[in-house]
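Enquirer: Take this structure first; my questions come after.
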Amino acid sequence: MTPQPKMKNPINALIVGYRDDRIAEHVKSLERLREEGLVEKISALSSGISSDSSNPPGNYSAPVNFTTEIQRDYPEAGFENPEGFSRYCKDIKKTISQTGSTLVLPTTDRAVIAIASIFGNKSFVDGVSTSCPGIDIVDTFQDKGSTYSFFNNQNITRTPSYRTINTSDLGKLKGQILLHGVAAPYFAKPSHPQRGGGAGAGKVSRATDVQRLMIESGYNNYLISELLNGPEINHTIIINPNGTVATQCTYEEISNTDRRKQRVSIQNDELDNFGYKFGESLRDNFGGSNFRGVYNIDFLRDSSNNLVISEINPGRFPACMSIFNNENFNLLKPLLSTVTGKSEKYPGSYTIGKHFNC
């Protein structure tokens, strides 16, 4: 690979997404880095909530210490809205220029798709970098069928039994079993979702159930898989330019003493080992592309209690980034090193999720 250009130091960061606490948590992490002299300006480009989003219009729960916040009058848009998507990409590029930003951090799937489209497979564009990997990798992992196919070929983690169904397939499936060898009910979700929040997903047993979800969601391509068990485990990995792991960390939803659900950080050797293998697989399969960056991966369990990958969200940190901020673990610090083309070489005493404590 060609040597990567160095980014200016300190960094000017631009956060892109909805006007909600996901942006606020990124600001908290960046403020700590500003105290260390690693970041200078913290800006945000916040969009309105789209009408098809499952998330209500929001605001910040507490004051947020921006250098600049630019609020768009339009909702985020994906490929299903070419005119809106083009306008979104233009607004992002304009804001990068206006704020003098050198690092762009998306917080939603549509922001990831827009930013990856702007950057293509380049690590830098005019001295600006992003947490996103290349557009070919984003496209692979935004598509759930392609995601499962990739991991099946790599044999580094189990995927659910699955199939994809298009609208044109529905007439042929009436009265038929949707997933041979697996008992109903199944789990259905859009193959290439862009709205997040589980929009359009649900349990199904027959073709008419899938048809109902397609009509309600507007998506015409669905992935049908075996029904897996919670709670969901989220594993976040930052991959270095050489395919090694910059850092990785995990959280899980548990019930506390009051039987209320809460998310807590955990350490899981199986998932940490997966992270190393995943980085190697990216290097081996996408070595000619820009594969460094952040990957946010969800796991569930099968009937034998084995971990099974549910989905992977490339290019952005988890919505519950507050879990790591509250434990004084700054996910953005290793990212700054990674996006400047550096691959951290760890000492023998390195402990996953602890090396970059602030």
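Every number here is computed from the coordinates shown, using simple stated rules; none is lab data. For clarity, every value in this text was computed on a predicted model and none was experimentally measured. For neighbour counting, all protein chains shown are included, and Cβ atoms are generated from backbone atoms with ideal geometry for every residue, glycine included.
Enquirer: For segment 1-130, what does the alpha-carbon gyration tensor say about shape, rounded, prolate or oblate, given a ≥ b ≥ c as the root eigenvalues, a/c under 1.5 as rounded, and a/b over b/c as prolate?
Expert: Taking the square roots of the gyration eigenvalues as a ≥ b ≥ c, segment 1-130 is oblate.
Enquirer: Cα axis of helix 82-99 to longest principal axis of the chain: angle in degrees, 0 to 90, nearest 10?
Expert: Approximately 20 degrees, to the nearest 10.
Enquirer: How do 88-94, 180-186 rank on mean C-beta neighbours within 10 Å, highest first?
Expert: Those peptides, ordered most packed to least, come out 88-94, 180-186.
Enquirer: Taking Cα atoms of the chain, Rg/Rh with Kirkwood Rh, to two decimals?
Expert: 0.96
Enquirer: Same structure, new question: Given a cut-off of under 8 Å on Cα pairs at least six residues apart, what relative contact order in percent is computed for the chain?
Expert: 17 percent
Enquirer: At a 10 Å Cβ-Cβ cut-off, how would you order T108, T157, fewest neighbours first?
Expert: By the 10 Å Cβ count, ascending: T157, T108.
Enquirer: Still on this structure: Given that compact globular proteins tend to follow 2.2 N^0.38 Å, what is the ratio of the alpha-carbon Rg of segment 44-203 to that value?
Expert: Output field value: 1.25.
Enquirer: I've got another one for you. Do you know the relative contact order of segment 1-130, to the nearest whole percent, from alpha carbon pairs under 8 angstrom that are 6+ apart?
Expert: 31 percent
Enquirer: Quick check for me: using +1 on Lys/Arg Cβ and -1 on Asp/Glu Cβ, what's the dipole size of the chain about its Cα centre, in debye to the nearest 20? All intermediate terms of the calculation are to be shown ahead of the outcome.
Expert: Values: 38 positive and 37 negative charges, 53 e Å.
Value, rounded to 20: 260 debye.
Enquirer: What is the set of long-range amide H partners of A246 at a cut-off below 5 Å, with H atoms built 1.01 Å from backbone N?
Expert: For A246, whose amide H was placed from the backbone, the distant partners under 5 Å are I238, I239, N240.
Enquirer: In whole Å, what three semi-axes, largest first, describe the equivalent ellipsoid of segment 163-227 built from its Cα gyration tensor (square root of 5 times each eigenvalue)?
Expert: Rounded to whole Å, the semi-axes are 18, 13, 9.
Enquirer: Hey, which of these cross-link pairs are over 19 Å Cα-Cα: K41/K94; K94/K342; K41/K333; K93/K122; K28/K345; K174/K203?
Expert: Over 19 Å Cα-Cα: K94/K342; K28/K345.
Enquirer: So, counting K/R as plus one and D/E as minus one, what does the shell of residues with Cβ under 12 Å around L331 add up to? Intermediate results must be reported in sequence, preceding the final value.
Expert: Working: positive: K28, R32, R316, K333; negative: E25, E327.
Net charge around L331: +2.
Enquirer: Another question, if that's okay. Which of T102, T340, T67 ends up with the largest GNM mean-square fluctuation for the chain, with Cα atoms connected below 10 Å?
Expert: T67
Enquirer: For segment 36-188, give the magnitude of the charge dipole about the Cα centre (Cβ charges: +1 Lys/Arg, -1 Asp/Glu; no others), in debye to the nearest 20.
Expert: 400 debye
Enquirer: By average Cβ neighbour count within 10 Å, what is the ranking of 263-274, 137-148 from highest down?
Expert: 137-148, 263-274
Enquirer: Using a simple charge model, +1 on the beta-carbon of Lys and Arg, -1 on the beta-carbon of Asp and Glu, nothing else, what dipole does segment 199-312 show about its Cα centre, in debye to the nearest 20? Can you show the working numbers first?
Expert: Details: 11 positive and 15 negative charges, 55 e Å.
Result for segment 199-312 is approximately 260 debye, rounded to the nearest 20.
Enquirer: Give or take rounding to whole Å, what are the principal axis extents of the alpha carbon atoms in segment 161-315, in descending order?
Expert: 50, 48, 29
Enquirer: Also: Could you work out how far helix 269-285 tilts from the main Cα principal axis of the chain, as a 0 to 90 degree angle to the nearest 10?
Expert: Once rounded, the angle reads 80 degrees.
Enquirer: Separate question: Packing-wise, with mean Cβ within 10 Å as the measure, how do 71-80, 315-324 rank, highest first?
Expert: By packing density, highest mean first, the sequence is 315-324, 71-80.
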